[in-house]
Amino acid sequence: MQYRDTRNFLSKLTLHRLWNAARVLASYYLTRLVKRPVQWGMPMTISFEPTTACNLRCPECPSGLRSFTRETGNLKADFFRQTIDELSRDLIYLIFYFQGEPYINPDFLKMVAHARDKGLYTITSTNGHFLDDDRARKTVESGLDRLIISVDGTTQETYEQYRKEGTLDTVLEGARNVVRWKKALNSTTPHIVFQFLVVRPNEHQIPEIYRLAEEIGVDEVKLKTAQVYDFERGNPLIPTNLKYSRYLPGEDGSWRTRHALANHCWKLWHACVITWDGMVVPCCFDKDATYRLGNLKEGSFRDIWKGDAYQGFRKQLLTGRDQIDICTNCTEGCKVWA
């Protein structure tokens, strides 16, 4: 099934988008060579936040913990369309996710359809609790290209240890609904992915998630390592099989990140995040929008992307990424410890 998804993705490319991507890539490698920020082109990827609200209470998620210092709200469709109309000529794909559960926003699928009309490859990530028969049909009809459903356990007992207040049967029925409507509407999209966040309570169920996905008719399974905030003294969520861990134990009993930080980051050159209320932040690790590089309700995206605040942040990253708190628990642009 993955070849269909790849073919669909490639069909979205245009000469202009490829030229923009080449300029961005060249400027990134030139930056690493000269060790000062050079930025050509516009972003290839945008993550747009439909909402900060969520129905679950996952223990390592600011939405689940209700721990944001920023306000909770929904992305407005008019603001979304205005922004995407400005950016769509250069963008290759659009991620409808940052924090929160996208389907809580009542206009979410209308925004997906608008992005489809702009020729963008669209992705969202959901906890799967809102995919009833009607929304499953509308999801397929919207033209969404990739649907990532978080399924972090194959039994309710295991699933709810991380997905607090979630119901596994509801999630699996939602996946079945989308599969059924794809067949009914003779659609190859969305490409459905079961994302399995590997933590200690569920690591023994990895073989079972593949069997379950095949049984339902899901296109792909992706295993994801978990980010935890308090890892220095160990954490009950860190898997015992360290193959699936972002953290490694030291001889003194403390834990450290698996990777050493390098002073460069591809994300700062090709992607960014836009919050529901129009703030531009550097990446998905800035969950509370601490590093606000601009406000789209006060200026254009191009001015922000090329502006002093963005270039200042890129310069700071090049000179000391270990001094930026959102970078210290991230694996982007890192090298493996020897």
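The numbers here are math on the coordinates, done by the rules we state, and not lab data. Every value quoted in this text rests on a predicted model; they were computed, and no experiment measured them. Here Cβ is always computed from backbone atoms with ideal geometry, including for glycine, and neighbour counts include all displayed protein chains.
List nothing, just return the count: lysine pairs in the range 180-338, 8 or more apart or interchain, with Cα separation under 19 Å. Value for the range 180-338: 12. Per the Cα gyration tensor, the range 45-190 maps to an equivalent ellipsoid with semi-axes of 25, 21, 11 Å, ordered largest to smallest. Taking all Cα pairs closer than 8 Å and separated by 6 or more residues, the relative contact order of the chain comes to 18 percent.
For a label point 7 Å from the Cα of residue 215 along Cα→C-beta, name the residues of the range 182-200 whose backbone N is under 16 Å from it. In the range 182-200, the label zone of residue 215 (backbone N under 16 Å from the point 7 Å along Cα→Cβ) covers 194. Taking each DSSP H run with n ≥ 4 as -39500 (n - 2.57) and averaging over every residue of the chain yields -10500 deg cm²/dmol at 222 nm. The stretch between residue 260 and residue 72 holds 64.3 nm of extra length on full extension. This uses 0.36 nm per residue minus the Cα-Cα distance.
Kirkwood analysis of the range 174-238, using all unique Cα-Cα pairs, places the hydrodynamic radius at 13.6 Å. The alpha carbons of the chain occupy a box of 56, 52, 39 Å along the principal axes, longest dimension given first. A convex hull fitted to the Cα coordinates of the range 125-238 yields 96 cubic angstrom per residue.
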